[in-house]
Structure formats: C-alpha cells, structure tokens
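Engineer: Take a look at the following structure, please.
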Amino acid sequence: MIAAALVYAVAVFRLRRRGVDWRPGRALAWYVGVAAAVGAVAGHEHTFREHMAGHLVLGMGAPILLVLGRPVTLALRVLPVRPARRLARVLRSRPIAVLTHPVTAGVLDAGGMWLLYTTGLHSAGPLVQLHLLLAGYLFTAAIIGRDPAPHRPGPAVRAAALIAFVAVHGILAKHLYAHPPPGVPALESEPAAQLMYYGGDLLHLVVIVLLCRELFPSPARAWRLPTAPARDGFQTPSA
C-alpha cells in the first residue's frame, strides 16, 4: 500500500510538470484511503469487535476513498500513448467487463464475507485482508466509480446491486449476532455484529449519497459536465 501511495504521488507530479491539473481532493482521498488501509492491516486485534472495525475500514471505508482517487484515470493521463492504449484495450476486454460488473463484484464481496465469517476463515490473516480490500474496491468502483469503464451498466443495475448488497450485509450481521463464528464467544460476537450492522449502514449511506450525486447532479454541476471524448474513446469526467 505504501508503494501505491508513492506511485500515485509520482504520477501526479509528472502530470503537473506537463502543466496538467489534477484535483487535490482526488489525491487527498487516495492518500487517506491508503493510510486507512495500512492502519486497518497494522492494527492489533484483541477482540472480534476490533477485528470487525478493521473489516469495515478495510473492506468498505478505504475502498470508497481509493475509488474517489480515480487511479485508472490518472494512469491513462500519465502513461505514454502506447501503454495507455494497451491499458484501454484491457479495460474494454470481456473478462474485465464480467469482473467489474456490479453483480459479479457484489457476489465476490458479499459472498466472500459470508464464507469468511460462517466458516471461521476470518482469522486467516493477510490473505483475508487482501480479499476484503480488493473485493471492497471492486464493488465500490462498480457502483460509484468515475474512472473510465466502457462496460459500466446503467444506474438501474448499479442501484439494484447496491440494494441487494446492503440487504445481504445486514442479514449477515444479524446472523453473526445470533450465530457467532467458530471460536468466537457470544459476548464478543454480539457487539461486533452490532458494529457491522450499524457501521455498515453508515458507510452504505455514503455510497448511496455518492451514487445519487452522480445520477442527479445539481444544475451547476450538470452545466459543467464535459462533452468531448477523452483519449482512446473514453469519457473522462472532470467532476
């Protein structure tokens, strides 16, 4: 993750040397997201509730911030023409279209959590943390991402996938309240499940607000929406 922050900083520096503006808010979101992910990974988990707090940060909070950093847009702008075109072809490919579809991303994220917490695999260590971060980023990007994504479905599909994910996440939290994971005492599982339920709802609300902000822009923002296509046929929003 530290490497991700450094690469991002170098890319922004190179853009600015060319005289190309990159909004500070995007960079700030990326750096804070990286810091949140590092803090969640490095934090000491003495109880299941502390583990759940790390899960919320790593699987939901950090991905929101990282998605707002628009790393793919930054890569397309800073890379030389040939590598940028290769990246554009990858983004247009069928496997990426399937992987980044909101339904696929939601199944990987929510299904992974069900598997981890109902089998006791949640304590498996770094691989679990990596899954939470990657799956969380993939799903968040599928719902509210503003990076170029030629296969991104319309708002109805994204909204439906988000609603389904919120429901599954809430059901899992209630399940953990009544049925603690293997090896976790009920006295630890109950407060952790409550944190998962209410903390998850708060982060879901952030995603909902960001999705609605995209779908229903204010008149002032709508007036500023770009109309010219960006390099390689992608639309690169300015907001």
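Engineer: In whole Å, what three semi-axes, largest first, describe the equivalent ellipsoid of the stretch 48-170 built from its Cα gyration tensor (square root of 5 times each eigenvalue)?
Structural biologist: Taking √(5λ) for each Cα gyration eigenvalue gives 27, 17, 13 Å.
Engineer: Is it possible to state the helix-based mean residue ellipticity at 222 nm for the chain, with each DSSP H run of 4+ residues giving -39500 (n - 2.57), the sum divided by total residues, to the nearest 500 deg cm²/dmol? What is it?
Structural biologist: Estimated from H runs of four or more residues: -23500 deg cm²/dmol.
Engineer: Which of the peptides 159-166, 12-19, 58-65 is most tightly packed, and how do the rest follow, going by the mean number of other Cβ atoms within 10 Å of each residue?
Structural biologist: Answer by packing, highest mean first, reads 58-65, 159-166, 12-19.
Engineer: If the convex hull of the alpha-carbon atoms of the stretch 153-205 is projected onto planes in all directions, what is the mean projected area in square nanometres?
Structural biologist: Computed as one quarter of the Cα hull surface, the answer is 4.0 nm².
Engineer: In addition: Over the stretch 1-155, with every protein chain in place, what whole percent of the accessible area is carbon and sulfur at 1.4 Å, could you tell me?
Structural biologist: The C+S portion of the solvent-accessible surface of the stretch 1-155 is 69 percent.
Engineer: Taking one equal scatterer on every alpha-carbon of the chain, how large is log10 of I(q)/I(0) by Debye at q = 0.08, 0.13, 0.17 1/Å?
Structural biologist: Result of the Debye calculation: -0.32, -0.83, -1.30.
Engineer: Another one. ³J(HN,Hα) across the stretch 152-160 via Karplus (A = 6.51, B = -1.76, C = 1.60, θ = phi - 60°), whole Hz, x for Gly/Pro?
Structural biologist: Rounded to whole hertz, the list is 4, x, x, x, 5, 5, 5, 5, 5.
Engineer: Here's something else I'd like to know. Projected onto the charge dipole of the stretch 6-141 (+1 at Lys/Arg Cβ, -1 at Asp/Glu Cβ, origin at the Cα centre), which of Val72, Leu28, Ala105 gives the Cα projection farthest towards the positive end?
Structural biologist: With unit charges placed on the Cβ atoms, the residue in question is Val72.
Engineer: For His51, what accessible surface area do you get with a 1.4 Å probe? Give it in Å², rounded to 10.
Structural biologist: Around 20 Å² of this residue is reachable by solvent.
Engineer: Then there is this: Expressed in whole Å with the largest first, what are the equivalent ellipsoid semi-axes of the stretch 89-134 derived from the C-alpha gyration tensor as the square root of 5 times each eigenvalue?
Structural biologist: Value: 26, 12, 6 Å, ordered largest first.
Engineer: OK, next. Explain nothing, just compute: Karplus ³J(HN,Hα) = 6.51 cos²θ - 1.76 cosθ + 1.60, θ = phi - 60°, for every residue of the stretch 22-39 in order, whole Hz, x for Gly and Pro.
Structural biologist: Each residue of the stretch 22-39 in turn: 9, 4, x, x, 5, 4, 4, 4, 4, 5, 5, x, 5, 4, 5, 5, 5, x Hz.
Engineer: Between 0 and 90 degrees, rounded to the nearest ten: what's the tilt of helix 81-92 against the longest Cα principal axis of the chain?
Structural biologist: 50
Engineer: So what J values fall out for the stretch 170-182 if you push phi through Karplus, 6.51 cos²θ - 1.76 cosθ + 1.60 with θ = phi - 60°, rounded to Hz, Gly and Pro as x?
Structural biologist: For the stretch 170-182, the Karplus curve yields x, 5, 5, 4, 5, 4, 5, 5, 8, 10, x, x, x Hz.
Engineer: Something else: What relative contact order, as a whole-number percentage, does the chain give when Cα pairs under 8 Å and 6 or more residues apart are counted?
Structural biologist: 22
Engineer: Right, next: Quick one: Debye curve from the C-alpha atoms of the stretch 1-68, no solvent, what's log10 I(q)/I(0) at q = 0.13, 0.16, 0.17 Å⁻¹?
Structural biologist: Taking Cα atoms of the stretch 1-68 as identical point scatterers yields -0.42, -0.58, -0.63.
Engineer: Write down the accessible area per residue of the chain in Å², having rolled a 1.4 Å probe over the full set of protein chains.
Structural biologist: Spelled out: the 1.4 Å probe surface of the chain, per residue, equals 52 Å².
Engineer: Here's something else I'd like to know. Is the shape of the stretch 1-115 rounded, prolate or oblate, going by the alpha carbon gyration tensor and its root eigenvalues a ≥ b ≥ c, with a/c under 1.5 for rounded and a/b larger than b/c for prolate?
Structural biologist: Judged from the Cα gyration tensor, the stretch 1-115 comes out oblate (a/c at least 1.5, b/c at or above a/b).
Engineer: Can you check what the net charge comes to around Ala142, using other residues whose Cβ is under 15 Å from the Cβ of Ala142 (Lys, Arg +1; Asp, Glu -1)?
Structural biologist: Once positives and negatives cancel, what remains is +1.
Engineer: Please report the equivalent ellipsoid semi-axes of the stretch 120-164, computed as sqrt(5 x eigenvalue) of the Cα gyration tensor, largest first, in whole Å.
Structural biologist: After scaling each eigenvalue by five and taking roots: 27, 13, 6 Å.
The values are calculated or read from the model by the stated rules, or taken from the named source; none is laboratory data. As the structure is a computational prediction, the values presented were derived from the model and not from experiment. A quick note on method: Cβ atoms are made from the backbone with ideal geometry, for glycine too, and the neighbour counts reach across all protein chains shown. Just so you know, the surface numbers come from the protein's heavy atoms only, side chains and all, with ligands and any DNA or RNA stripped out. Shrake-Rupley method; radii C 1.70, N 1.55, O 1.52, S 1.80 Å.
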